[in-house]
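Notes for the one structure printed next.
The values are calculated or read from the model by the stated rules, or taken from the named source; none is laboratory data. None of these values were measured; they are calculated from a predicted model. So basically every Cβ, Gly included, is an ideal-geometry build from the backbone, and we count neighbours across all protein chains shown.
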Amino acid sequence: MSLRSDLPVLWSLLRGMGGSGDHAARLDGFYAGQAEAYDRFRERLLHGRDELLADLPIAAGGVLVELGAGTGRNLEPLGARLGQLAEVHLVDLCPSLLAVAQRRIAANGWTNVQTVEADATTWRPARPADVVLCAYSLTMMPDWRATVANAYAMLRPGGILAVVDFTLVDEIVASQAGVAKQPAVLRWAWRRWFGHDGVHPDMRLVPHLTANLETVHLSVHRGRIPYLPLPAAYLRFIGRTPG
Ligand SMILES: C[S@@+](CC[C@H](N)C(=O)[O-])C[C@H]1O[C@@H](n2cnc3c(N)ncnc32)[C@H](O)[C@@H]1O
């Protein structure tokens, strides 16, 4: 990876997410200039996605929905399991990233996968979902609680919500995940740093998920951020709805 190939992404990150227009317009303004370089850079930034997908309990014939799916990159680690699914819906508000997903679907000949340009807080599939995936998307959604509620509503009884995302680690997250809490100054610094790019890690996400779902897996890790000396914390969660 060279600095030169990272430049479009670094430029977008330095400019940050603009404040004008609605949420969809702000997302597209942020991602349009970096859509082609998105996947390459995020492989070094968005950690834990492959591990979450490897652990995902999803059976043949199932319905998978990814909310905030971006380029559809997360389907590749599913390997042969993807072809056995009945329906896969990639939901996102950003047309620039969905265009990359559409090319990926065509290149791989995935006939069971469709992209949906829609808001994750409200869109639902016609059939109940077996698995809903949110990979680094909830922190970019101003109303992440509405998206989580929408995920619960679209899941069948006993369905799975799987989340991987950046987090801050206060006493509650630390005690639930069995890790050390971050000093308050570090949490403040990460909140500022992420916020510039429209990413808002919320310590209330972990207790919200564990209070509403049976926890199948919860862990918190530290992952490297390209060009920064400090690793950031991210969570992996798999939960099951009552059923
Ligand atoms: C950091 S990207 C993650 C994309 C993908 N899940 C991945 O792992 O690479 C966050 C995604 O959430 C999408 N997003 C943010 N708010 C959304 C909303 N309300 N509805 C649908 N998608 C949304 C963004 O457009 C973006 O594609």
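Of all the listed residues (Asp50, Asp55, Asp22), the sole one being more than 18 Å from Val164 (Cα to Cα), surrounded by fewer than 19 Cβ atoms within 10 Å (Cβ to Cβ) and among the acidic types (Asp, Glu) is Asp22.
Find all pairs meeting these conditions: Cβ atoms under 6 angstrom apart; at least six residues apart or on different chains; first residue within segment 116-139 and under 12 Å from Leu90 (Cβ atoms); second residue assigned to a loop (DSSP other than H, G, I, E, B) and within 7 Å of the ligand (Cβ to nearest atom). Going by the 6 Å Cβ cut-off, the qualifying pairs are Ala120/Gly68; Ser137/Gly68. Segment 1-87 holds helices (runs of 4 or more DSSP H) entirely within its bounds, and those carrying 1 or more residues that are touching a Lys or Arg at 6+ places or on another chain (Cβ under 9 Å), modelled with pLDDT under 95 and under 28 Å from Arg145 (Cα atoms) map to 23-31, 35-42, 49-55.
Being within 11 Å of the ligand (Cβ to nearest atom), farther than 19 Å from Leu53 by Cα, of a type in the set (A, V, I, L, M, F, W, C) and in contact with a strand residue (DSSP E or B) (Cβ under 6 Å, 6 or more places away or on another chain) is a property that holds for Val116.
Just checking, how many residues over segment 29-44 are near the ligand (Cβ under 8 Å from one of its atoms) and either acidic (Asp, Glu) or over 29 Å from Pro229 (Cβ atoms) (or both)? The total comes to 1.
Of everything in segment 88-109 that's assigned to a loop (DSSP other than H, G, I, E, B) and within 16 Å of the ligand (Cβ to nearest atom), which residue is nearest to Pro142 (Cα to Cα)? Here the residue is Leu93. Annotation: of all residues in segment 25-44 being surrounded by fewer than 18 Cβ atoms within 10 Å (Cβ to Cβ) and hydrophobic (A, V, I, L, M, F, W, C), the one that is farthest from His221 (Cα to Cα) is Ala25. Taking each residue of segment 39-67 that is more than 19 Å from Gln114 (Cα to Cα) and looking for partners that are within 12 Å of the ligand (Cβ to nearest atom) and modelled with pLDDT under 90 with beta-carbon atoms closer than 8 Å, six or more apart or interchain, yields Phe41/Val9; Phe41/Gln34. Criterion applied to Leu67, Leu56 was being within 12 Å of the ligand (Cβ to nearest atom), under 19 Å from Leu82 (Cα atoms) and under 18 Å from the mean Cα position of the chain (by Cα), and the one residue passing it is Leu67.
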